[in-house]
Amino acid sequence: MKIGIVNYSIGNVGSVHRAFDFYGYDVSLVSDPKDLDRFDLIVLAGVGNFPVAVDRLKTLHFWDALNEAALIKKKAILGICLGMQLFGEGSEEDGETQGFGWIKGRVEKMKGEGLRVPHMGWNQVSVSDESFFRGVRARSFYFMHSYRFVPQEKGDVLVTTLYGDLTIASGLRKENILGVQFHPEKSQGDGLRFLKNVVEGLA
């Protein structure tokens with residue numbers, strides 16, 4: 001089992017690497033898109049700005065390579081936080097920016113009466129598929145985001161989180177593609193167990 005984390009200079013790839021390394025997995029940072037074929041699970045993490053992330057992926061020639069890996073080669077792909085948001089058709093952050101379009105839906109600014117944005121801290125999750133949450137006891141994960149993915153198809157929603165009066169789609173699944181809005185690498189034991197389940201169940 002080989003795990004490759006896309007190294008595109010957006011956010012938290014180091015902490016994600018350490019989380020997978022906790023279990024002794026064969027995990028590497030991927031700086032050349034030609035190397036994606038070597039991996040069984042591709043991880044697209046990230047914290048920050050949607051259009052900046054898109055620009056970085058295109059500049060470093062990862063964009064087309066990731067499309068091929070996801071849609072043609074059907075590689076297992078895990079998106080974390082901004083990485084999951086990139087799965088969508090587009091985002092309204094700083095204007096309109098097109099995403100991969102792997103999962104139907106768009107990324108929108110979180111809004112709600114009395115809602116504090118950004119959403120930062122620990123929140124409970126509700127899951128529709130237990131296979132990725134075996135042994136995950138508290139079901140509480142760490143979040144850090146101002147935008148949320150609004151999916152078109154309810155069947156793509158794996159996890160939801162109630163934040164104020166807003167229900168967030170905090171986990172999405174479509175065939176070989178899995179994404180979470182929370183940060184498993186920052187979520188202590190439950191986060192590590194979730195990643196282990198992903199490796200065993202997705203790749």
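Read the figures in this text as sums done on the coordinates, not as results from a lab. The shown structure was predicted, so the numbers you read here are calculated from the model rather than taken from an experiment. Ideal geometry is used to build each Cβ from the backbone, glycine not excepted, and the neighbour counts take in all protein chains shown.
Before moving on, here are some points about what is shown:
- Within region 18-27, tally of residues that are assigned to a helix (DSSP H, G or I) and either at positive phi or buried (at least 19 other Cβ atoms within 10 Å of the Cβ) (or both): 2
- Residue match in region 100-114 (condition: in contact with a His (Cβ under 9 Å, 6 or more places away or on another chain) and within 13 Å of Ser170 (Cα to Cα)): yes
- Pick from region 74-97, criterion assigned to a loop (DSSP other than H, G, I, E, B) and hydrophobic (A, V, I, L, M, F, W, C), ranking: nearest to Pro184 (Cα to Cα): Cys81
- Search result, residues across region 28-72 that are surrounded by fewer than 16 Cβ atoms within 10 Å (Cβ to Cβ), over 17 Å from the mean Cα position of the chain (by Cα) and not polar (S, T, N, Q): Asp32, Lys34, Asp35, Asp37, Arg38, Asp55, Lys58, His61, Asp64, Glu68, Ile72
- Any chance Gly121 is surrounded by fewer than 18 Cβ atoms within 10 Å (Cβ to Cβ) and either small (Gly, Ala, Ser) or within 29 Å of Asp32 (Cα to Cα) (or both): yes
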